[in-house]
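Below you'll find the structure, written out as structure tokens, and then a few comments.
The values are calculated or read from the model by the stated rules, or taken from the named source; none is laboratory data. From a predicted model like this one, the values you see are computed outputs, not experimental measurements. As a convention, Cβ positions derive from the backbone with ideal geometry for all residues, glycine included, and neighbour counts pool all protein chains shown. These area figures cover heavy atoms from the full protein model, side chains too; ligands, DNA and RNA do not enter into them. Shrake-Rupley method; radii C 1.70, N 1.55, O 1.52, S 1.80 Å.
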Amino acid sequence: MKLVFIGKPGSGKGTQAKIISKELNLAHISTGDLVRNVKGELEELIHSYIDKGNFVPDDLMIRMLKERIQEEDCKNGFILDGFPRTLVQARELEKEIKIDNFVNIYISDEEAVNRMSGRKTCRECGELYNFNTKYVPKNEKECDKCGGELYEREDQKEEIIGKRIQVHHAEVEPIINKYKPMKVDGTKSIEEVTEDILDILKT
């Protein structure tokens with residue numbers, strides 16, 4: 001099974017992709033993780049885009065993704081988390097693989113800003129916390145899992161979040177219009193959203 005999860009920043013698509021991938025024994029491919037963890041000659045170039053809240057150019061993104069889907073854990077299928085982000089990327093993706101289903105986890109612009117502006121990330125293990133929701137650490141400066149320092153990434157600052165939402169409307173909504181993805185209410189609890197997605201995929 002080959003799935004694409006899309007949604008606004010803060011919609012929970014990454015969280016759901018992790019959960020659903022375990023439930024269905026699929027690889028979870030987060031393009032956000034791919035670009036944040038890139039090393040070598042592409043590292044400086046890619047970070048010059050994401051640190052300003054911009055998306056990585058299509059040719060670079062496709063290049064990294066093609067390498068990733070060749071890995072062993074993708075043989076049973078995978079979930080693409082937040083990719084494709086443009087119609088050009090969608091067309092390039094279609095040349096490589098046939099996607100079985102698109103899932104759109106929907107939240108409002110206001111909800112996206114509220115969720116994203118409260119986020120902090122662990123420098124050591126990458127665990128994500130949100131000070132505007134119930135998922136907060138015991139110590140506001142330390143990760144509960146490993147004790148690492150919590151920090152606010154550049155792309156989680158409020159002015160950058162607003163720009164990312166604008167980009168979503170301009171570039172991701174045309175994909176929604178073209179592929180007519182299954183729509184899931186992202187404002188529900190994590191457990192309820194997971195159940196809704198699984199029910200949709202079963203039918």
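Remarks
- Overall, the accessible surface of segment 18-120 at a probe of 1.4 angstrom is composed of carbon and sulfur to the extent of 44 percent.
- Considering only beta bridges that DSSP places wholly inside the chain, some 30 percent are antiparallel.
- Percent carbon-and-sulfur accessible area, segment 142-203, ignoring ligands, DNA and RNA, probe 1.4 Å: 45 percent
- Within the same chain, lysines fewer than 8 places from LYS145 are excluded, and of the rest, those with a Cα less than 17 Å from its Cα are LYS120, LYS134.
- Between TYR151 and SER108, full extension at 0.36 nm per residue minus the direct alpha carbon distance yields a gain of 12.9 nm.
- Overall form of the chain per C-alpha gyration tensor (a/c, 1.5; a/b vs b/c): rounded
- Taking the chain and dividing mean pair separation by its residue count, relative contact order in percent (alpha carbons under 8 Å, at least six apart): 29 percent
- The tail of the calculated P(r) for segment 1-54, taken as Cα-Cα distances beyond 13 Å, holds 65 percent of the pairs.
- Adding -39500 (n - 2.57) for every DSSP H run of four residues or longer, then dividing by how many residues the chain holds, sets the calculated 222 nm ellipticity at -12000 deg cm²/dmol.
- The share of alpha-carbon pairs in segment 67-119 lying farther apart than 15 Å comes to 63%.
- On a per residue basis, segment 37-83 carries 58 Å² of accessible surface, using protein heavy atoms and a 1.4 Å probe.
- CYS74 exposes around 10 Å² of accessible area when a 1.4 Å probe is run over every protein chain in place.
- Potential lengthening of the chain between ASP144 and HIS47 amounts to 32.2 nm, from the contour at 0.36 nm per residue minus the alpha-carbon distance.
- In this calculation the C-beta distance from LEU128 to ASP73 is compared with R0 = 22 Å, giving a FRET efficiency of 0.50.
- Relative to one another, the C-alpha centroids of segment 1-29 and segment 111-164 are positioned 19 Å apart.
- Measuring spread by the Cα atoms of segment 50-95 yields a radius of gyration and Dmax of 11.5, 35 Å.
- LYS183 contributes an accessible area of around 140 Å² to the protein surface, as traced by a 1.4 Å probe with all chains present.
- Extension gain, MET182 to ASP58, is 42.2 nm, computed as 0.36 nm per intervening residue step minus the present C-alpha separation.
- Where segment 155-203 is the region considered: accessible area per residue in Å², 1.4 Å probe: 60 Å²
- Among PHE55, PHE78, PHE131, the residue with the largest mean-square fluctuation in a Gaussian network model of the chain, with springs joining Cα atoms closer than 10 Å, is PHE131.
- The reciprocal of the average 1/r between distinct C-alpha atoms defines the Kirkwood hydrodynamic radius, which for segment 153-195 equals 12.5 Å.
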